[in-house]
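Shown next, in structure tokens, is the structure this report addresses.
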Amino acid sequence: MPVFLPKEMAKHITDLSPEFFKSRGIEAVVLDVDNTLTTHGNPVPAEGVPEWIGRMKDAGLELTILSNNYRERVEPFARKLGLDFISMACKPLTFGLTRACRRYDLKPRQVCLIGDQIFTDIVGGNLKGVLTVLVEPYELEHKWSFRLKRRLERPIIRRYRKKKGGSL
């Protein structure tokens, strides 16, 4: 079960401070897009995200987007935020995370992955050995496959909260 448990949880990405990362030896933050930086399919970052990105860059953190989505979705979004990106990452497989670690010449223990889905983001990050942070989705998706995944995530989130006492 530990591969399914995030190392940390937060309500939104904007709740995480540069000190959170620095105190854990993190030098690069890898970001999911949909329901992590914006609502699903939205081409505009959520409120506060561009400012958060600026604070992280000012603190000297490397940032990149890692998404299972197509380049046509990810590239324009990443460009708006001035970030590098890796599309078609195939999470939970670790190929995309390996590319991100190599891009910045960092070991997995120096990298954090933030995402909203346990079975893609958190599992992939835990398999690679990076710090994983699960954020609450901005909105719940309506497709049956997403509803099923969210239902399966509930006991894992309850276990995290019992173990750690809630989110950050």
What residue, among those in region 79-94 that are of a type in the set (A, V, I, L, M), free of Cβ contacts under 8 Å to residues at least 40 places away in the same chain and not in a strand (DSSP E or B), is surrounded by the most Cβ atoms within 10 Å (Cβ to Cβ)? Ala89
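To keep it simple, each residue is scored yes or no on (1) over 22 Å from Leu16 (Cβ atoms); (2) among the acidic types (Asp, Glu); (3) free of Cβ contacts under 8 Å to residues at least 40 places away in the same chain; (4) open to solvent by 70 Å² or more (accessible area, probe 1.4 Å).
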| residue | (1), (2), (3), (4) |
| --- | --- |
| Gly115 | no, no, no, no |
| Asp121 | no, yes, no, no |
| Asn126 | no, no, no, no |
| Val130 | no, no, no, no |
| Val133 | no, no, no, no |
| Lys143 | yes, no, yes, yes |
| Arg159 | no, no, no, yes |
Quick check on Glu139: is it open to solvent by less than 90 Å² (accessible area, probe 1.4 Å), within 17 Å of the chain's Cα centre (by Cα) and modelled with pLDDT under 80? yes
Does Leu97 satisfy the criteria of being surrounded by 13 or more Cβ atoms within 10 Å (Cβ to Cβ), part of a helix (DSSP H, G or I) and of a type outside the set (Ser, Thr, Tyr)? yes
State whether one or more residues within region 20-39 are among the charged types (D, E, K, R) and crowded, with 20+ Cβ neighbours inside 10 Å. yes
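The values are calculated or read from the model by the stated rules, or taken from the named source; none is laboratory data. A quick note: this is a predicted structure, and the numbers were derived from the prediction, not measured. In this analysis, Cβ positions are derived from the backbone assuming ideal geometry, glycine residues included, and neighbour counts consider all displayed protein chains. Calculation scope for accessible area: heavy atoms of the full protein, side chains included, ligands and nucleic acids excluded. Shrake-Rupley method; radii C 1.70, N 1.55, O 1.52, S 1.80 Å.
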